[in-house]
Amino acid sequence: CSGTAPGQAGFATSLRVELVHTELCSLHFDPTDHSLEQLVVQSLFADGLIRYAAVADDGGAGLRVLALHELIVPDSADAMSWVVGDHGMRMTLARDVPERIADALRGFVIELFRRAGRSVTELAACVVAVHPGGPKIIDRVRDVLELDEAQVHTSRAVLHDHGNMSSATLPHIWLRILDD
């Protein structure tokens, strides 16, 4: 990004970047499909909107990215799909998604902490922002990472209050964590 000092990287090292997450999940659903699967899918997802800024680290209150890591869970392509239809999109969601996540989670978190120069033992003192795909996902993350309910309370509260707003969900959780 322009204005980045030598030796620095990132898009917000010297700029203020305004971010807006807008998720209109209701546009993706077919209101004429009343199958059990679609009723469950439609009850999990919600429209959401949030605006926030990414700024250079000034030492003030905020969240910092300490490390990045990503993982594609093997053999998971069939776990979720979106199919375009005449009246929106039909989503499929496998029942075992929480288990697929749980199976890969501990190793993922250990590697993420390693990249941040931290020990996974520090997790016990963290508030954790879990993307609440649903209550079972929060439960499995809590159990696999041996967290207590207070550590996932904010994720559970946002799911309860707003539903899964896709990419807009985590920023709502981050904001509540910062406000607490």
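The values are calculated or read from the model by the stated rules, or taken from the named source; none is laboratory data. Computed from a predicted model, the values in this text were never measured in an experiment. Quick reminder, even Gly has a Cβ in these numbers, built from the backbone with ideal geometry, and neighbours come from all protein chains shown. SASA here: full protein model, heavy atoms, side chains in, ligands and nucleic acids out. Shrake-Rupley method; radii C 1.70, N 1.55, O 1.52, S 1.80 Å.
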(request) Write out, first by first residue and then by second, each pair whose Cβ atoms fall under 7 Å of each other, whose residues are 6+ apart or on separate chains, and whose first residue, in segment 104-129, is more than 24 Å from L175 (Cα to Cα) and outside any helix (DSSP H, G or I) while the second is at pLDDT 95 or above and of a type in the set (K, R). (result) none
(request) Go through (1) open to solvent by 80 Å² or more (accessible area, probe 1.4 Å); (2) modelled with pLDDT of 90 or more; (3) over 15 Å from the mean Cα position of the chain (by Cα); (4) hydrophobic (A, V, I, L, M, F, W, C) one by one and return the number of the condition W82 breaks. (result) (2)
(message) Just to be sure I understand the filter: pairs with C-beta atoms under 6 Å, separated by 6 or more residues or on different chains, first member in segment 42-69 and in contact (Cβ under 8 Å) with a residue 60 or more places away in the chain and outside any strand (DSSP E or B), second member open to solvent by 50 Å² or more (accessible area, probe 1.4 Å) and of a type outside the set (A, V, I, L, M). Which pairs pass?
(response) A46/H162; D47/S26; L63/W174
(request) Please go through segment 121-147 and pick out each residue that is small (G, A, S) and within 15 Å of the chain's Cα centre (by Cα). (result) A129, G133, G134
(message) Just to verify a result, which residue in segment 130-180, among those that are among the small types (G, A, S), in a helix (DSSP H, G or I) and open to solvent by less than 20 Å² (accessible area, probe 1.4 Å), is nearest to L19 (Cα to Cα)?
(response) A168
(request) Only one of these is open to solvent by 50 Å² or more (accessible area, probe 1.4 Å), closer than 22 Å to I177 by Cβ and out of contact with any Lys or Arg (no Cβ under 7 Å at 6 or more places or on another chain): V120, V127, V109. Name it. (result) V127
